[in-house]
Structure formats: C-alpha cells, structure tokens
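S.K.: I'd like to ask some things about the structure below.
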Amino acid sequence: YARGMSTRDIESALVDLYGVTVSHDVVARVTDAVLDEVRAWQERPLEAIYPVVWLDGLVVKVRHGKQVTNRCAYVALGLNLRGEKEVLGVWLAENEGAKFWAGVLSELKARGVADIYIACMDGLKGLPEAVTALFPKTLTQQCIVHLVRASMRYVAAKDMKAVAAALKRIYTAATMEEAARELDAFEETWGGKYRAAVRVWRNAWDNVVPFFQFPPEIRKITY
C-alpha cells in the first residue's frame with residue numbers, strides 16, 4: 001500500500017499469490033489500523049540521554065495522495081544507555097535540508113530528549129549548527145563512512161584498496177596526534193594523484209577532531 005498499490009490491487013494480488021479472497025474494504029481497515037499504530041509510535045516519549053545519535057536522510061519511494069514519488073526520509077537513530085540502537089523517528093520531506101532537521105531535533109527535545117553526547121552526520125551544510133542550537137553541549141562529528149565514500153569518488157578502481165587502507169589508519173588511530181600524522185602521510189603518498197580526496201579530509205578535519213576525544217570502543221560504534 002505504501003508503495004502505491006490500491007486496496008483493490010492488493011485484493012487481486014492476494015488472490016493471485018495465495019488464492020485467498022480478502023475484500024478491499026478489509027484491506028482498507030487494516031491499513032487504517034496500522035496508521036494509528038504508526039502515529040502512536042511517532043509520538044512516543046523518548047529517553048532523556050542518548051550517548052550517540054545518527055542523523056541521515058534516505059531517498060525512498062512513498063505513496064503521496066494517488067501517486068508514488070521520491071521523498072527524503074529523515075531518520076534519527078539513537079544508541080541508548082543500555083547499548084541498544086533504536087529508531088527515534090522517521091520524517092518525510094521533499095528533500096534534505098538543515099532547516100527541516102532543526103524541526104526534527106525540536107520534536108526530539110519535546111518528546112523528552114535532554115542531552116546527546118555525540119551527533120553523527122554527513123556533511124550537510126548547517127546541520128551541526130542546527131544540532132548545537134538545541135543541544136549546546138553535543139559534540140557534532142561528521143560520519144566517517146560518509147567521508148570515506150566522498151574520498152573514494154575521486155579514486156581509480158585499481159587504487160581503491162590501497163587508499164581505503166591508508167584512510168583506515170587515520171580513523172582507527174589511537175590519538176588525535178597519530179591521526180594527524182597518518183593524514184599527513186596519506187597526503188604525501190596520494191596527494192599528487194588524488195588531491196580532491198585529500199581535500200575532503202582536510203576540509204572536514206575540524207569536525208573529525210571531536211571523534212578522538214572518545215575511547216576506541218566508542219569510536220568504533222560511531223564509524
């Protein structure tokens with residue numbers, strides 16, 4: 001239903017696939033009941049503290065009126081104090097933007113979130129500021145996976161394995177100082193050939209530095 005099939009389409013599909021007859025009226029009642037549960041889940045209270053929260057936008061196909069269109073699903077994934085990951089919420093919009101994220105974060109705060117230790121995100125402009133406006137003590141860290149992917153866009157296939165290994169030595173370094181040395185070594189080795197890949201890390205370095213304030217076991221969770 002979410003992907004665009006009408007209730008009558010679903011009625012026909014159930015007959016074709018399983019030989020089961022379920023009227024479109026019953027299908028409509030089932031989807032309405034699910035929507036009530038979804039709304040209750042969307043509005044549920046949240047915990048006061050989350051050590052890590054990941055913020056990301058995913059492009060998905062969704063039913064909008066009578067059409068199926070591409071929309072951005074804003075997803076907030078939290079790690080609670082029991083070490084469990086949970087989806088805090090999913091919000092739909094036309095495209096991803098820091099202004100919409102500010103509304104998402106306001107909703108999280110209204111639902112009970114008082115503090116986030118680390119907010120992990122991609123390089124969306126204005127998102128770190130949106131986070132710290134509502135959670136001033138939160139460390140905003142650019143997602144290491146996004147950084148690696150952004151770097152690899154500039155790397156030839158034959159060099160990907162070696163470049164990936166060099167990048168891993170940066171983000172698995174024991175200290176910030178060691179990471180800085182590995183970044184210098186990466187630039188010395190690959191800067192002539194892949195200047196743009198080096199620039200990705202140099203430009204993001206200020207947002208990566210907070211990453212090294214946490215012990216290795218916490219850093220491993222975030223990347």
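The values are calculated or read from the model by the stated rules, or taken from the named source; none is laboratory data. Computed from a prediction, not measured in an experiment: that's the story for all the values here. Note that each Cβ is placed from the backbone with ideal geometry, even for glycine, and that neighbours are counted across all protein chains shown. SASA here: full protein model, heavy atoms, side chains in, ligands and nucleic acids out. Shrake-Rupley method; radii C 1.70, N 1.55, O 1.52, S 1.80 Å.
S.K.: Given Cβ point charges of +1 (Lys, Arg) and -1 (Asp, Glu) and nothing else, what value in debye, to the nearest 20, does the dipole of the chain about its Cα centre take? Display every interim value, and only then the final one.
M.R.: Values: 29 positive and 27 negative charges, 123 e Å.
So the magnitude is around 600 debye.
S.K.: Could you give the length gained on full extension between T21 and T172, defined as 0.36 nm per residue of separation minus the Cα-Cα distance, in nm? Numbers along the way, then the final one.
M.R.: Details: separation 151, 0.36 × 151 = 54.36 nm, distance 5.64 nm.
In short, 48.7 nm is gained.
S.K.: Sort the stretch 55-160 into rounded, prolate or oblate with this rule: let a ≥ b ≥ c be the square roots of the eigenvalues of the Cα gyration tensor; rounded if a/c is under 1.5, and if a/c is not under 1.5, prolate when a/b is larger than b/c, oblate otherwise. Mind showing how you got there, number by number?
M.R.: Numbers: a/c = 1.81, a/b = 1.12, b/c = 1.62.
Taking the square roots of the gyration eigenvalues as a ≥ b ≥ c, the stretch 55-160 is oblate.
S.K.: Now a separate question. Can you work out the Karplus-derived ³J(HN,Hα) for every residue in the stretch 137-145? Use 6.51 cos²θ - 1.76 cosθ + 1.60 with θ = phi - 60°, whole Hz, and x for glycine or proline.
M.R.: Those phi angles translate into 8, 6, 7, 9, 10, 5, 4, 5, 4 Hz.
S.K.: Also: Tell me the label only: which of [x] 17.9; [y] 20.2; [z] 22.2 is Kirkwood radius over Cα pairs in Å as calculated from this structure?
M.R.: [y]
S.K.: Which value, in Å², gives the accessible area per residue of the chain when a 1.4 Å probe is used on the protein heavy atoms? Display every interim value, and only then the final one.
M.R.: Numbers: 12870 Å² over 223 residues.
With all protein chains present, the chain gives 58 Å² per residue.
S.K.: Once you keep just the Cα pairs under 8 angstrom separated by 6 or more residues, what percentage relative contact order results for the stretch 1-125? Show your work: numbers first, answer last.
M.R.: Values: 181 pairs, mean separation 32.1, N = 125.
It comes to 26 percent, rounded to a whole number.
S.K.: Another question, then. Rank T7, T189 by accessible area, highest first, at a 1.4 Å probe radius?
M.R.: Details: T7 30, T189 95 Å².
Most to least solvent-accessible, the answer reads T189, T7.
S.K.: So how do 116-128, 173-185 stack up, highest first, on mean other-Cβ count within 10 Å? Could you put the intermediate results ahead of the total?
M.R.: Working: 116-128: 18.7, 173-185: 14.8.
In decreasing order of mean packing, 116-128, 173-185 become 116-128, 173-185.
S.K.: Kindly provide the trypsin sites (Lys or Arg not before Pro) of the stretch 1-66 that DSSP labels as loop, not H, G, I, E or B, and whose Cβ sees at most 14 other Cβ atoms within 10 Å.
M.R.: Working: sites: R3, R8, R29, R39, K61, R63, K66; in loops: R3, K66.
Hits after loop and neighbour filter: R3, K66.
S.K.: Considering only DSSP states other than H, G, I, E and B, which GluC sites (Glu not before Pro) in the stretch 56-131 qualify as loop sites with at most 14 other Cβ atoms within 10 Å? The partial results should precede the final answer.
M.R.: Values: sites: E84, E86, E94, E96, E107, E129; in loops: E84, E94, E96.
Within the stretch 56-131, the qualifying GluC sites (Glu not before Pro) (loop, at most 14 other Cβ atoms within 10 Å) are E84, E94.
S.K.: Roll a 1.4 angstrom probe over the protein heavy atoms and tell me the percent of accessible area of the stretch 1-158 that is carbon or sulfur. Could you put the intermediate results ahead of the total?
M.R.: On the way: 5340 of 9230 Å².
Answer for the stretch 1-158: carbon and sulfur cover 58 percent of the accessible area.
S.K.: For the stretch 76-93, in order, what is each residue's ³J(HN,Hα) by Karplus, 6.51 cos²θ - 1.76 cosθ + 1.60 with θ = phi - 60°, in whole Hz (x at glycine and Pro)?
M.R.: With the stated coefficients, the stretch 76-93 comes to 10, 10, x, 9, 8, 6, 8, x, 9, 8, 9, 6, 7, x, 9, 10, 10, 8 Hz.
S.K.: Decide, for the stretch 104-169, between rounded, prolate and oblate: order the square roots of the alpha carbon gyration tensor eigenvalues as a ≥ b ≥ c, take rounded if a/c falls under 1.5, and otherwise choose prolate if a/b is larger than b/c, else oblate. Don't skip to the answer; put the middle values down first.
M.R.: Details: a/c = 3.93, a/b = 3.00, b/c = 1.31.
Prolate, since a/c reaches 1.5 and a/b exceeds b/c.
S.K.: Assuming 0.36 nm per residue, please report the length gained on full extension of the stretch K109 to N95 beyond their Cα-Cα distance. Intermediate results must be reported in sequence, preceding the final value.
M.R.: Details: separation 14, 0.36 × 14 = 5.04 nm, distance 2.25 nm.
Extra length from K109 to N95 when fully extended: 2.8 nm.
S.K.: Cross-link candidates for K158: which lysines have Cα within less than 16 Å, leaving aside residues fewer than 8 places away along the same chain?
M.R.: Within the straight-line cut-off, K158 pairs with K193.
S.K.: A further question follows. Please name whichever of L92, I170, G112 sits farthest to the positive end of the charge dipole of the chain, dipole taken about the Cα centre and charges placed at Cβ: Lys and Arg +1, Asp and Glu -1.
M.R.: It is I170.
S.K.: To continue, here is another question. What pairs in K85/K168; K125/K168; K61/K99; K99/K125 have C-alpha atoms more than 18 Å from each other? Can you show the working numbers first?
M.R.: On the way: K85/K168 24 Å; K125/K168 25 Å; K61/K99 22 Å; K99/K125 10 Å.
In this structure, K85/K168; K125/K168; K61/K99 exceed 18 Å between Cα atoms.
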